[in-house]
Amino acid sequence: MGSRDPRVDAYIAKSAPFAKPILTRIRKAVHKGCPDVQETMKWSVPHFDYKGMLCGMAAFKQHRTLEFLRAAERRRVVLYSSFPREGTWAAE
């Protein structure tokens with residue numbers, strides 16, 4: 001079974017009001033999709049580990065980010081939104 005880190009709770013609690021429900025939903029989705037995931041803080045933002053780094057999320061003043069990391073392939077996919085109210089997502 002996976003673990004929840006109280007530091008992630010604190011990070012979400014300190015986030016901007018628009019980001020709190022989004023970060024909470026991402027967290028629930030990651031745990032639902034990968035029950036054995038381990039939460040941790042890396043570079044001062046929440047990350048989820050499962051056989052290496054799986055993904056990380058962060059919130060800023062006007063946007064939030066969710067990134068998936070694939071250590072085996074050394075590829076990095078970053079999903080982000082510049083429009084918090086619009087919910088428009090793009091990938092780079």
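For the range 60-66, what does the Karplus curve 6.51 cos²θ - 1.76 cosθ + 1.60, with θ = phi - 60°, yield as ³J(HN,Hα) per residue in whole Hz, taken in order and with x for Gly and Pro?
Working through the residues one at a time gives 10, 4, 10, 7, 9, 9, 9 Hz.
Count charges around PRO35 for me, please; just the other residues with Cβ under 15 Å from its Cβ, Lys/Arg as +1, Asp/Glu as -1.
Spelling it out: positives minus negatives among the neighbours equals +2.
Taking H as built 1.01 Å from N, whose amide H comes closer than 5 Å to the amide H of GLY2, not counting residues under 5 places away?
Amide H neighbours of GLY2, under 5 Å, 5+ apart: ASP36, VAL37.
Any read-out appearing in this document is the output of simple, stated calculations on the displayed coordinates, not a laboratory observation. Predicted, not measured: the structure shown is a model, and the values here were computed from it. Please note: Cβ atoms are built from the backbone with ideal geometry, for glycine as well, and neighbour counts cover all protein chains shown.
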